[in-house]
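Report on one structure; see the data block that follows.
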Amino acid sequence: MADNGIVDFKIAFFHKFKSLEWEYLQALSNDKKKLLSHKRRLKNYDPCHILEYGEIFATLCGIKPCTLLAHYIMHEYVTGLVEKALKPLFDEFQLEKEGFELWKLKSPMTQLYRDGWIFTNKKHEKYSLVKQVFTTTSSYMDTIDIGRALGYPLPYGKYTIEYIDDTESKERNTCCVPMIEYNVGAASEENFTIILFHLDEYATLWEKNRQKSDY
């Protein structure tokens, strides 16, 4: 249920969020940067690998039902990102009136995603599933339902799929800037086709974004 075109306010939101997110990650203390780094070493800190702007924009444009903001180690990082970047822009662009929600997870979901937040698109066909999954009061949590609510194309599994923002990677002079990452199960020709179709949705959105941004 993606937009056929990208409304101008979404382009403006995208660029502002992208800028604020980068500023926030650069301004973190060294201790917090270590917690977000490979082997918790400051020299390994690379904010390019934890950027959320891709998933936020995909949710804004209707490809993803929602974005889950959570970190398994440095929990307060997410709250800071919401407070410094997402919430101010959510209010500035009056996204609630545009059909979006931003809320903090509650127990029992916080057992999996401590201090996590959800940014969701109420116009998406899976919005009811998002509410069902992420506001559950049951202690049982189905990873397949969580994946579906997040808009991932296949059930959870051992293989990791990443879509890379090649333009941003080159501009940042880094190996890669993942715009979305998810895990899938069995590798098969059928699953590969499903993944390619899903990837094409993101590639098309990014191309439209680039064209409108350059206009």
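The values are calculated or read from the model by the stated rules, or taken from the named source; none is laboratory data. Predicted model only: the values in this text are computed from it and were never measured. Methodologically, a virtual Cβ is constructed for each residue, glycine included, from the backbone with ideal geometry; neighbour enumeration extends over all protein chains shown.
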Open item on the list: Among the residues of segment 41-57, what is the count of those that are closer than 18 Å to PHE100 by Cβ and assigned to a helix (DSSP H, G or I)?
Closed with: 5
Task: segment 156-201 - residue that is among the aromatic types (Phe, Trp, Tyr) and in contact with a Gly (Cβ under 8 Å, 6 or more places away or on another chain) and, of those, nearest to GLY54 (Cα to Cα) - done: TYR163
- [ ] Give the residues of segment 153-164 that are surrounded by 15 or more Cβ atoms within 10 Å (Cβ to Cβ), out of contact with any Phe, Trp or Tyr (no Cβ under 7 Å at 6 or more places or on another chain) and more than 18 Å from THR143 (Cα to Cα), sorted by residue number.
- [x] ILE164
Task: Scan of segment 4-54 for residues that are under 15 Å from the mean Cα position of the chain (by Cα) and among the small types (Gly, Ala, Ser), ordered by number - done: GLY54
Open item on the list: Could you go through segment 145-152 and let me know if any residue there is closer than 30 Å to GLN211 by Cβ, in contact with a Gly (Cβ under 6 Å, 6 or more places away or on another chain) and modelled with pLDDT of 90 or more.
Closed with: no
Task: Those strands (runs of 3 or more DSSP E) lying entirely in segment 100-189 with at least 2 residues touching a residue at least 60 places away in the same chain (Cβ under 8 Å) - done: 117-121, 178-184
TODO: Among what's in segment 102-130 and is charged (D, E, K, R) and closer than 21 Å to ASP91 by Cα, pick the residue that is modelled with the lowest pLDDT.
DONE: ASP115
Open item on the list: I'm trying to understand the selection: among the residues of segment 69-112, which are exposed (fewer than 15 other Cβ atoms within 10 Å of the Cβ), in contact with a strand residue (DSSP E or B) (Cβ under 7 Å, 6 or more places away or on another chain) and farther than 25 Å from ASP8 by Cα?
Closed with: LYS104
TODO: Would you be able to say whether some residue in segment 64-76 is more than 12 Å from the chain's Cα centre (by Cα), in contact (Cβ under 8 Å) with a residue 24 or more places away in the chain and not in a loop (DSSP other than H, G, I, E, B)?
DONE: yes
- [ ] Give just the number: which of (1) more than 19 Å from the chain's Cα centre (by Cα); (2) farther than 25 Å from THR193 by Cα does LYS158 not satisfy?
- [x] (2)
- [ ] Please list, ordered by first then second residue, the pairs with beta carbon atoms under 7 Å, 6 or more apart or interchain, first in segment 82-98 and in contact (Cβ under 8 Å) with a residue 24 or more places away in the chain, second surrounded by fewer than 17 Cβ atoms within 10 Å (Cβ to Cβ) and charged (D, E, K, R).
- [x] LEU89/LYS16
Open item on the list: Anything in segment 13-40 that is without any contact (Cβ under 8 Å) to a residue 24 or more places away in the chain and not in a helix (DSSP H, G or I)? List them, or say none.
Closed with: SER29, SER37
